[in-house]
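The values are calculated or read from the model by the stated rules, or taken from the named source; none is laboratory data. Since we're looking at a predicted model, the values are computed, not measured. Cβ placement follows ideal geometry from the backbone for every residue including glycine, while neighbour counts extend to all protein chains displayed. The area values use the complete protein model at the heavy-atom level, side chains included, leaving out ligands, DNA and RNA. Shrake-Rupley method; radii C 1.70, N 1.55, O 1.52, S 1.80 Å.
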Amino acid sequence: MDLSQYAELFLVESREHLSSINQQLLEWERSPQATEPVAGIFRAVHTIKGMAAAMSYSVTSDLAHRMESLLDILRTGDGEVTQDHFELLFRATDTLEQAVAASVSGREGQLDVAEVLAALDAATRDLGAAARRPSRSSMPLVAVSEGPGIWIRVQIEPNSTLVGARAAVVIGRMEAIGAVREVRPPPSAFESDEFDGQFDFQLETELDPEAIEREIRAAGDIKQVLVGAERSRTDVKQTASGRSRHVRVDLQRVDSMMDLIGELVTARDQLTQVSAARTAGDLDDLTLKISRLTSDLQAEIIQVRMTPVWQVFDRFPRLVRDLARQLDKQVEFRVEGKEIELDRAILDEIGDPLVHLLRNAIDHGIEPPAEREALGKPPTGRVVLSALREKAKVAIKVSDDGRGIEREKILDRARRDGMVGDEVETLSDELLLRVLARSGFSTAAEVSDVSGRGVGIDIVATRLRALGGGLEVSSEIGVGTTFTLQLPITLAIVRALTVEVGDERYVLPITHVTETLDLDSSAVTELDGRAGLMYRGTVIPLVDLRELVNVSGIVPDRRPVVVVQIGGRRSGVVVDTLTGQQEIVVKSFDPPSGTLPIFSGATILGDGMPVLVLDAGGLV
Amino acid sequence: MSHTVLVCDDAIFMRTMIGDILSQAGYEIVGEAETGVQAVEKFKQLSPDLVTMDIVMPDMGGIDAVREIIKHDPGARILMCSAMGQQALVVEAIQAGAKDFVVKPFQPSRVLEAVQRVLG
């Protein structure tokens, strides 16, 4: 059998389980007495083991197996869980993650897992000896059944009403004929409408299997009963038909659909133009119809790409925990708005910026416990990561209740570097961000040592701007700092202004365009030795696109200015002509080195012409 | 001898309907209750073979009434009557000791099946 076709599914599904293992390890570490996390971890590790074994990934399945052996002793309460166990399990989970990735790419043989395996075995042995139980290293791969009682799987008729309540009825009936040892998923899951009606439990009873099955079926609405059968949940999930209404789609497919719909939108715009030039009623009607269908299709595909932020957020609790330990800080981490959705492409981009901001918050924001107590603060610092939908944008905030940014020190440094004039007496939030975001500034050791902030803020700001978003900061000494990432919900299609200089065409996303006006030579002035434009009572920098892209030739007499704005910064961009507006699909773009930092991507216009997309951030 | 039933629901309409379904099938309705408190009192007084219990009732809800009744008689046979979307409450009621449930709108055949399961 060719297994390679299942590799991708194995990877995706294993990653989901790994994420759940990390989550539940954190939960378990917080409340070591709780029994649900360890049961959940055990199940997830067990599932990975089963899948890896099916794929013949022996290193992965062996590692999962040894983890499972340790977890089993901890799960059944025969061994007391200690901090050392948590550290070991976290480490083993990391190794398992590497093993999963390596297996899929055929590099399993290159992994060195001996040390982790030895540590797992040692821990299992110690506990096993303490519990006077035989080592279970010879346990067969699939069986989890142990202890008194028989494992039973029940599938409630999926079309019946309240499948969870029906499951509860079954358990109630089982309690009348024997002792129910363990139920998976835990009975609390029955209350959820997501519960699919399949559950397993271990029953200790005098009755024979036929009598048990009769008693279960008497509860009503039972589709299937398997007495004494233990199969991994995922096996059944994949074979049972019609249970899940979801399909897994390769992201590349969705991307290519998005590209195609983008081209369709462009073609529609062309059609609209062609149709407007002729006077044919039926063509108009058809154009209108195609136009509407295209918009609907576009909206649908955008919806398909929407992904909840937890897919990125879920790895942060672990990151925060590890960082806090490493830096001897006490941190309570809260995540809010996990269900908020963003375009997959945007979500993929914000992971690294968020890691950066969280790292800064813990490293430089949150004070050590003793210092916090001396300041009258609770010793445990608080870091909150939240997502909030605001109209067509999503705001993601990283806030801490740490020491805040020391503006005076930043200001001193900015003055010395000539970034701000002596007339600036205090740094507003906006100015502070500009100073911090200035490439190279923040990495200066003396600043990051004193104020702590700024390492890599420039990278974060650049990333966000490329996504059509922005970054804001607010900070108060002794109270804390909040960074806010403003993000568009969808990335791919934007309305843009098409402009020309000489024979060249460019587009400028309309999001950042404030207005367009005719260049009035009397309004041209000077600003810090460069060209400036009198605009609404202030002077804003004036940029000539001709000069920027080095276009020669005859300069027209009348030229328009496009005023672009990002945050509080504005500038006027002089072009030769404005040729219209249209929806464009921005395609990312790997600029050759030496390219001006004023482009954010490329696109194809309605007439088939490829053009570069101007980046407002590079122009202000 | 036919089984005796106590019907608990705050709506007369529902009590009438359940009463009709059950009495036409040969069960004997021995009492009705409009509130959870009444349900517990009447159970103690009548010792019916079966109780049908609405989940949402004034003064004491159906789930608390189940707990009280089970405390008084662990063998009590209680059938919960619920609306769609009350899964969590029904699960709670069953964990509290109710034996089965039916979901509104009631189909007589489903109600009778459930009653037979509980009494069986």
Heavy-atom SASA rank of A:T538, A:T498 (probe 1.4 Å, accessible area, largest first) = A:T538, A:T498
Shielding of A:154-164 by other chains, given as the mean Cβ count within 10 Å, works out to 3
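My understanding is that a pair violates if its Cα-Cα distance is over 23 Å; which of B:K42/B:K99; B:K44/B:K104; A:K338/B:K104; B:K44/B:K71; A:K329/A:K397; A:K338/A:K377 do that in this structure? List each step's numbers first, then the result.
Values: B:K42/B:K99 19 Å; B:K44/B:K104 27 Å; A:K338/B:K104 34 Å; B:K44/B:K71 11 Å; A:K329/A:K397 21 Å; A:K338/A:K377 28 Å.
Checking Cα-Cα distances, B:K44/B:K104; A:K338/B:K104; A:K338/A:K377 exceed 23 Å.
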Mind grabbing the accessible area of A:R569 for me, 1.4 Å probe, Å², rounded to tens?
-> 70 Å²
For the pair B and A, how large is the buried accessible area, both sides, in square angstrom to the nearest 100, if the probe is 1.4 Å?
-> 1400 Å²
What number, rounded to the nearest 500 deg cm²/dmol, is the helix-based mean residue ellipticity at 222 nm of chain A, given -39500 (n - 2.57) per DSSP H run of at least four residues and division by all its residues?
-> -13500 deg cm²/dmol
Would you mind counting up the charge near B:M14? Only other residues with Cβ under 14 Å from its Cβ, with Lys and Arg at +1 and Asp and Glu at -1.
-> -4
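Leaving out ligands and nucleic acids, note down the accessible area per residue over the stretch A:150-235 with a 1.4 angstrom probe, in whole Å². Mind showing how you got there, number by number?
Working: 3590 Å² over 86 residues.
Heavy-atom accessible area per residue stands at 42 Å².
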Run down the aspartates and glutamates and flag those whose C-alpha is under 19 Å from the C-alpha of A:K289, throwing out any fewer than 8 positions away in its chain.
-> A:E263, A:D269, A:E300, A:E583
Other-chain or far-sequence residues with amide H under 5 Å of B:M60's (modelled H) | B:G36, B:V37
Overall form of the stretch B:67-120 per C-alpha gyration tensor (a/c, 1.5; a/b vs b/c) | oblate
Note the angle between two axes, namely the Cα long axis of helix A:36-54 and the longest principal axis of the Cα atoms of chain A, as a number of degrees from 0 to 90, rounded to the nearest 10.
-> 90 degrees
Show which aspartates and glutamates lie in cross-link reach of A:K223 when reach means a straight Cα distance below 13 angstrom and same-chain residues fewer than eight apart are skipped.
-> A:E157, A:D196, A:E213
Relative to the longest principal Cα axis of chain A, at what angle does helix A:58-75 sit, 0 to 90 degrees, rounded to 10?
-> 60 degrees
Give me the lysines in straight-line cross-link reach of A:K49: C-alpha distance below 22 Å, same-chain residues under 8 apart excluded.
-> A:K237
Net charge contributed by nearby residues that have their C-beta within less than 11 Å of A:Q303 (K/R +1, D/E -1) = -3
In degrees rounded to 10, the 0-90 angle between helix A:407-416 Cα long axis and the longest Cα principal axis of chain A is 40 degrees
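Where a ≥ b ≥ c are the square roots of the eigenvalues of the C-alpha gyration tensor, would you call the stretch B:4-119 rounded, which needs a/c under 1.5, or, failing that, prolate if a/b is larger than b/c, or oblate? Walk me through the intermediate numbers first.
On the way: a/c = 1.30, a/b = 1.11, b/c = 1.17.
Since a/c stays below 1.5, the shape of the stretch B:4-119 is classed as rounded.
For the protein assembly as shown, which whole percent of the accessible surface, found with a 1.4 angstrom probe, sits on carbon and sulfur atoms? Could the numbers behind the result be given before it?
Details: 18030 of 35840 Å².
Using a 1.4 Å probe with all protein chains present, the protein assembly as shown comes out at 50 percent carbon and sulfur.
Residues with beta-carbon under 9 Å from that of A:I362, excluding A:I362: net charge, scoring Lys, Arg +1 and Asp, Glu -1? Each step should come with its number before you reach the end.
Working: positive: A:K329, A:R359; negative: A:D363, A:D400.
It works out to a net charge of 0.
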Measure of exposure for A:S593: accessible area at 1.4 Å probe, Å² rounded to 10, is 120 Å²
Give me a single rounded figure for B:93-99: the average over its residues of other chain Cβ atoms within 10 Å of their Cβ.
-> 5
Rounded to the nearest 0.05, FRET efficiency between A:D557 and A:S522 (Cβ-Cβ, R0 22 Å) equals 0.90
Using only Cα atoms, locate the centre of the stretch A:499-518 and the centre of the stretch A:345-395, then give the distance between them in Å, rounded to an integer.
-> 37 Å
Among the DSSP beta bridges whose two residues both lie in chain A, what percent are antiparallel, rounded to the nearest 5?
-> 90 percent
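Assuming a ≥ b ≥ c are the square roots of the Cα gyration tensor eigenvalues, decide whether the protein assembly as shown counts as rounded (a/c under 1.5), prolate (otherwise, with a/b larger than b/c) or oblate.
Details: a/c = 2.17, a/b = 1.70, b/c = 1.28.
Prolate, since a/c reaches 1.5 and a/b exceeds b/c.
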With all protein chains modelled, accessible area of A:V304 [1.4 Å, Å²] = 90 Å²
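With the contact rule set at Cα under 8 Å and sequence spacing of 6 or more, what percent relative contact order holds for chain A? List each step's numbers first, then the result.
Working: 979 pairs, mean separation 50.5, N = 620.
With pairs under 8 Å counted, the relative contact order is 8 percent.
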Under a point spin-label approximation (7 Å from Cα along Cα-to-Cβ), what is the A:R495-B:S2 distance to one decimal in nm?
-> 7.2 nm
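About the Cα centre of the protein assembly as shown, what is the dipole size in debye to 20, counting +1 per Lys and Arg Cβ and -1 per Asp and Glu Cβ, all else neutral? It would help to have the intermediate numbers written out before the result.
Numbers: 79 positive and 113 negative charges, 74 e Å.
Roughly 360 debye, rounded to the nearest 20.
What is the mean number of Cβ atoms from other protein chains located within 10 Å of the Cβ atom of each residue in peptide B:111-120, rounded to a whole number? Each step should come with its number before you reach the end.
Numbers: counts 0, 0, 2, 2, 0, 2, 5, 1, 0, 1.
That average works out to 1.
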